[in-house]
Each structure stands twice: as structure tokens, then as C-alpha cells.
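The values are calculated or read from the model by the stated rules, or taken from the named source; none is laboratory data. Here the structure is a predicted model, which means the values were calculated and not measured. Cβ sites come from the backbone with ideal geometry, for glycine too, and all protein chains shown count toward neighbours.
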Amino acid sequence: MSIREKYGYTLFSQSAWTARRLVEAGVKIVTVFWDTWTDNNAAWDTHHNHHPRLKDGLCPKLDQILPAFLDDMDQRGLLDETLVMVISEHGRTPTLGNSPGGAREHWLGAYWGMFFGAGIKTGQVIGSTDREGGYPTSCPTDPQDVLATMYYLLGFDPHQTTVPDRLNRPMHIIPHGDVVRALLA
């Protein structure tokens, strides 16, 4: 089976394959977004038909593409120096809504992320939520903490590094946030 077949032939899978090729060519930052243009808007916003969309489309695709990408990166010696973050812009409601087939709406109380490579200690769970998955009960992590960790792994001190604003005043690269030390190997 060819490497492209291992990834699969969706827009997202081929974007992940292209991301690997860009990293291999020396590109420092690559972003890949989930394909929302096939399978009747297959984005992870499951505002309707929650369970069927996860079972029949979203989870099988991610289960194929993410390991193919990580294995490919590792086999080429790229994963040790490449930070891979699988994250969303927000969480999902801890309980299903009443839309046909169930629904999970946008939720700011808690969400998740998976991190690989670049000095990340894998195979662990950091933090926990209440029984419903609605709010953090241990190790709450702000999105700025994720950015601070990313900048740290890129070699920038998130508390000292500044960039000029439009008036040429030095501005910190993030307004607040701490490196999530528990993520680091």
C-alpha cells in the first residue's frame, strides 16, 4: 500500500500528506484544517445527527489519517522536531441536544487537545473535568497556555519575546499564559 493510500483520498487526508511534505521541505509552520466540503458538511460541529456523523464519517477518517500522518512523520525522522497539535477552537456541550439524531453545541467550559512530537511527553492525560465533562476539576489550561507551550517549543520565550505593533511599540507575542510543563518530556 502506498503512503498516499494509507492517508486516504479525502481533502483532509491529502492536506495532511501535503503538510508532511512541506515539513520535510523545511517549512516551519503548517496548518491543516478538517475538510468541511464533503459528506454533507463533515466538520466536527455536530449540531445534528451527532452519533451517525461520528460513527460513519468523522471518527473513521481521523482514525485512518492521524496514525498515518504520525507514522509517516516518525519514519522520516520529522516527528522529534515537529509539534503536532490536534485541537479545536472550542469544546462541545457535555450533554446531547434535542436536534434530530442528537447534537453537541459550542461550549467554552472545557475542551480537549492531543499533542505529539517536538518534546511532548505522549501517552498521558493532563487535567480532568467534572462527571459531565462540562468544567475542569484539575489542571485547567487556558488557550494562551497552549500558545505559550507552542512558542516555547518553537524556541521563543513567550514572556520575553515581543513584536512591534502598528505604532512600532513592542507587544508580547501573547498577552498571558504559561508553558504547560506537564506536556513536556
**Fill in**
Picked from the stretch 164-185 (must be assigned to a strand (DSSP E or B) and surrounded by 10 or more Cβ atoms within 10 Å (Cβ to Cβ)), the residue nearest to the chain's Cα centre (by Cα) is Leu184
**Message:** Return the pair list, or none, for Cβ contacts closer than 7 Å from residues in the stretch 44-65 that are under 24 Å from Ser2 (Cβ atoms) to residues that are at pLDDT below 90 and among the β-branched types (Val, Ile, Thr), at least 6 apart or on different chains.
**Reply:** Lys61/Thr10
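For the stretch 145-159, indicate whether the set of residues that are on the phi < 0 side of the Ramachandran plot, in a strand (DSSP E or B) and either free of Cβ contacts under 8 Å to residues at least 12 places away in the same chain or out of contact with any strand residue (DSSP E or B) (no Cβ under 6 Å at 6 or more places or on another chain) (or both) is non-empty.
No.
Pick out the one residue from Ala25, Ala43, Ala16 that is modelled with pLDDT of 90 or more and either polar (S, T, N, Q) or within 20 Å of Ser88 (Cα to Cα) (or both). Before the answer, list the steps.
Working: Ala25 fails: either polar (S, T, N, Q) or within 20 Å of Ser88 (Cα to Cα) (or both); Ala43 fails: modelled with pLDDT of 90 or more.
Step by step, each of Ala25, Ala43, Ala16 is checked, and only Ala16 is modelled with pLDDT of 90 or more and either polar (S, T, N, Q) or within 20 Å of Ser88 (Cα to Cα) (or both).
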**Message:** Take residues that are surrounded by 15 or more Cβ atoms within 10 Å (Cβ to Cβ) and tell me which of the helices (runs of 4 or more DSSP H) falling wholly in the stretch 1-115 contain 3 or more.
**Reply:** 11-24, 59-75
**Asked** If a residue has to be buried (at least 16 other Cβ atoms within 10 Å of the Cβ), closer than 25 Å to Glu81 by Cα and of a type outside the set (D, E, K, R) to count, how many in the stretch 125-155 make the cut?
**Response** 9
**Request:** Could you tell me which of the residues Glu105, Glu89 is more than 20 Å from Asp145 (Cβ to Cβ) and either among the acidic types (Asp, Glu) or without any contact (Cβ under 8 Å) to a residue 12 or more places away in the chain (or both)?
**Result:** Glu105
**Asked** Does Thr162 satisfy the condition of being at pLDDT below 95, in contact with a strand residue (DSSP E or B) (Cβ under 6 Å, 6 or more places away or on another chain) and not hydrophobic (A, V, I, L, M, F, W, C)?
**Response** yes
